[in-house]
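What follows is a short report on a single structure.
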Amino acid sequence: MSCGNSHETHCQDVLDALCAFMDNEKTTVDRALIAAHLSECPPCENEMLVDRLMKGLISRACCAEQAPEGLRVNIHAVITQIQVDITSRS
């Protein structure tokens, strides 16, 4: 996805790093660049707001239940592999 405007950091790079950015995890793009991009790109900012809302809904739905550590590790590995696959296609 691209909003069509010129940015220091490409929209797709920001969107690829968005989940890690929102979770305060290490990102493939510098956090300051992501924050700057989000402040100047309404479509990417909207994507972040939708993702944040979805994470909140999931969190509330799961309440106090916590996934077993093995499941959490497996899910993280799958998400990481999907991000790598998407990045390699670009």
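The values are calculated or read from the model by the stated rules, or taken from the named source; none is laboratory data. All figures in this text were calculated on a predicted structure; none of them were measured in a lab. Cβ coordinates were reconstructed from backbone atoms using ideal geometry, including for glycine residues, and neighbour counts include every protein chain displayed.
Structure above, values below:
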| quantity | calculated |
| --- | --- |
| Filtered residues of the range 1-15 (kept if in a helix (DSSP H, G or I) and either out of contact with any helix residue (DSSP H, G or I) (no Cβ under 8 Å at 6 or more places or on another chain) or in contact (Cβ under 8 Å) with a residue 40 or more places away in the chain (or both)) | GLN12, ASP13 |
| Residue within the range 59-80 that is surrounded by 13 or more Cβ atoms within 10 Å (Cβ to Cβ), of a type in the set (Ser, Thr, Tyr) and either in contact with a helix residue (DSSP H, G or I) (Cβ under 9 Å, 6 or more places away or on another chain) or without any contact (Cβ under 8 Å) to a residue 60 or more places away in the chain (or both) present | no |
| Test: residue in the range 63-79 that is part of a loop (DSSP other than H, G, I, E, B) and within 27 Å of THR9 (Cβ to Cβ) | no |
| In the range 21-33, the residues that are under 20 Å from ILE82 (Cα atoms) and surrounded by 12 or more Cβ atoms within 10 Å (Cβ to Cβ) | PHE21, MET22, THR27, THR28, VAL29 |
| Residue that is over 18 Å from ALA20 (Cα atoms), at pLDDT 85 or above and not basic (Lys, Arg), where the choices are LEU71, LEU49, LEU33 | LEU71 |
| Cβ-Cβ under 6 Å pairs, at least 6 apart or on other chains, the range 38-56 side under 14 Å from GLN12 (Cα atoms) and exposed (fewer than 14 other Cβ atoms within 10 Å of the Cβ), far side among the small types (Gly, Ala, Ser) and modelled with pLDDT under 95 | none |
| Unmet requirement for LYS26, which otherwise passes all of (1) in a helix (DSSP H, G or I); (2) under 19 Å from THR9 (Cβ atoms); (3) basic (Lys, Arg) | (1) |
| Test: LEU18 is in contact (Cβ under 8 Å) with a residue 24 or more places away in the chain, in a helix (DSSP H, G or I), under 15 Å from THR87 (Cβ atoms) and among the aliphatic types (A, V, I, L, M) | yes |
